[in-house]
Amino acid sequence: MPARKLTSLLTAICTALPAFASENCSDDAMIVFDGSGSMAEMGFNQIDEPRIFDARRAVARALPDIAVRRRLGLLIYGPGGADECSGIDLRFPPEADAASRIIGEIDTLQPAGDTALTTAVERAADVLLSASGGGTIVLVTDGKETCGGASCQLANELAGSGLTVHVIGFKIRGEYFAWSSEGSSDYSEADTVSRCLADRTGGLYVNTETVDELVAAFEKTLGCKVLF
C-alpha cells in the first residue's frame, strides 16, 4: 500500500477511536464501587432486576480489556460495617491484571448499608497518594451521599493534589437524589451531588442507565488511547 494511503487509513482509524479520559496508563487507578442497599432495588415497576445485576454485567464486559493496560484497585462501600455508614472496605490496592479479581468481588457482593461515598473516595485517595502521589479514582454511585459526608468540600481538598476523580452515576433518580444541604447548584435533579468531585478535580461526570452505557463509561474513564 502506498505510504500516503496508509497514512490516510491510520488517520481515519485514530479519528474513529473513542476519546478516552486517560491519555496513558502510567497512573494507578482505584474503582470506588457502590455496594449500598439501593443497588439491590428494582425499577419503579418492580419487574426489573436489581441494579447490581446490570452493574455486574458491565464490570465483566469492561474490565478485562482495561486491566491489561493499567493497574487497578477496588474499594467497596455499603455492606459489612458495624452500622449503616461504616461499611467501607478496601478490597485491594492497585495491582496488575486485576480484572478477574474485581469481577469476582462484584459478583459476590451483597448490597447493604447506606452511601458513605465521600469517606470512601477519601480513603481511595489516601491509598493512591501514599503509594504514588497521584492517580485516578472512578466512583460508581446510584445516588447521593447519605452518611453526612461533604463531597464538595472533599473535592476542594483534592483539587491540585495529583488525583483525578471521575464519577459514574448509574440509574440515578432525581426525585430521590436531588441536591442536598451542601448548597445550591445549577446541576439537574438527575445529577448526584458528588458530581462536584469530578468538576473540581478535572474529571468527568457520566450519567448512565443501561449496561452498554455503563460499559462505555468505564472505557471512557479508565481506558487508554491506542497510539500508532
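Brief remarks on what is shown
- Of the trypsin sites (Lys or Arg not before Pro) found in segment 80-174, the ones in coil according to DSSP and having at most 16 other Cβ atoms within 10 Å of their Cβ are Arg173.
- Backbone HN-Hα couplings from phi across segment 112-128 [Karplus 6.51/-1.76/1.60, Hz, Gly and Pro as x]: 6, x, 9, 9, 8, 6, 5, 5, 5, 5, 4, 5, 4, 4, 4, 4, 6
- When each of Tyr205, Tyr77 is scored by the number of other beta-carbon atoms lying within 10 Å, the sequence from fewest to most is Tyr205, Tyr77.
- Percent breakdown of C-alpha pair distances by 10 Å bin, ordered from the shortest bin, for segment 25-222: 10, 40, 40, 10, 0
- For Ile88, nonlocal amide neighbours, meaning residues 5 or more places apart or on other chains whose placed amide H falls under 5 Å from its own, are Gly78.
- Amide H to amide H distances under 5 Å link Ser161 with no residue, where only residues 5 or more positions off or on other chains count and H is placed in the peptide plane.
Readers should treat all values here as calculations from the given coordinates under stated rules, not as data from a laboratory. Keep in mind that this is a model prediction, so the values were computed, not measured. Methodologically, a virtual Cβ is constructed for each residue, glycine included, from the backbone with ideal geometry; neighbour enumeration extends over all protein chains shown.
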